[in-house]
Amino acid sequence: MKIDTTRFGMIEADDSRVITMKSGIFGFDNLRRYIVLIQDPKNPLCWLQSMEDGALAFVVIEPCVIKPDYHPEINKAYQTFLEISREEDIALLSIVTIRHQPFSVTANLRAPLVINMDNRLGSQIILEDEQYPVRYDISSVNADPQTITAKAASL
């Protein structure tokens, strides 16, 4: 499948790599098909490119890279919704926001994207656990690139 994107030009994506968001991403409920693009395996930031709108791509990061103790509980209802049968099939991504005035880079740990790596179904969820903020500052985090590519590369 080919898509003409604003940021990356024409890209070709193997259908087997497409992630289908069952309930969409908040504010973008009508767009359901995405692909993870890794521009530089040494950079923890990746892109979640919409396959339906070439102008829409989110900067994302694996939250455990920036917060190693990030282990939110994904309740059984979400696991059933995404047809998750094994915890090790769960991949998590956080949407990153980059602000220029004043400069800040934050990740949304409260509303991660939960992806079943086995069937490539995903959903953005809101965690009830208040220890995970909506704006977790990552501008000074030193991430280990070896950690980054583990699950993101398989998406």
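The values are calculated or read from the model by the stated rules, or taken from the named source; none is laboratory data. It should be emphasised that the depicted structure is a prediction, and the values quoted were computed from it without experimental measurement. Ideal geometry is used to build each Cβ from the backbone, glycine not excepted, and the neighbour counts take in all protein chains shown.
List of remarks:
Conditions (1) touching a Pro at 6+ places or on another chain (Cβ under 7 Å); (2) at pLDDT 95 or above, marked per residue:
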site: Val96; (1), (2): no, yes
site: Gln101; (1), (2): no, no
site: Ser104; (1), (2): no, no
site: Ala107; (1), (2): yes, yes
site: Glu130; (1), (2): no, no
site: Ala152; (1), (2): no, no
site: Leu155; (1), (2): no, no
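- Residue match in segment 56-69 (condition: hydrophobic (A, V, I, L, M, F, W, C) and touching a His at 6+ places or on another chain (Cβ under 9 Å)): yes
- Hits in segment 85-108 (condition: closer than 19 Å to Tyr34 by Cα, out of contact with any helix residue (DSSP H, G or I) (no Cβ under 7 Å at 6 or more places or on another chain) and among the aliphatic types (A, V, I, L, M)): Ile90, Leu93, Ile95, Val96
- Counting the residues of segment 66-87 that are surrounded by 10 or more Cβ atoms within 10 Å (Cβ to Cβ) and acidic (Asp, Glu) gives 1.
- Residue check: Glu12 meets all listed conditions (1) surrounded by 13 or more Cβ atoms within 10 Å (Cβ to Cβ); (2) out of contact with any Ser or Thr (no Cβ under 6 Å at 6 or more places or on another chain); (3) farther than 26 Å from Arg135 by Cβ; (4) not β-branched (Val, Ile, Thr) but one, namely (1).
- Near pairs, Cβ below 6 angstrom, 6+ apart or cross-chain, from segment 60-82 (in contact (Cβ under 8 Å) with a residue 40 or more places away in the chain) to any residue that is in a helix (DSSP H, G or I): Glu62/Ala152; Val65/Thr147; Val65/Ile148; Tyr70/Pro63; Tyr70/Cys64
- The number of residues in segment 35-59 that are free of Cβ contacts under 8 Å to residues at least 60 places away in the same chain, among the aliphatic types (A, V, I, L, M) and within 18 Å of Ala111 (Cα to Cα) comes to 3.
- Residue tally, condition part of a loop (DSSP other than H, G, I, E, B), modelled with pLDDT of 95 or more and out of contact with any Lys or Arg (no Cβ under 8 Å at 6 or more places or on another chain), over segment 31-42: 1
- For segment 65-121, the tally of residues that are closer than 25 Å to Lys42 by Cβ and assigned to a strand (DSSP E or B) stands at 18.
- Members of segment 43-64 found to be assigned to a strand (DSSP E or B) and either more than 20 Å from Thr6 (Cα to Cα) or in contact with a helix residue (DSSP H, G or I) (Cβ under 6 Å, 6 or more places away or on another chain) (or both), listed by number: Cys46, Ile61
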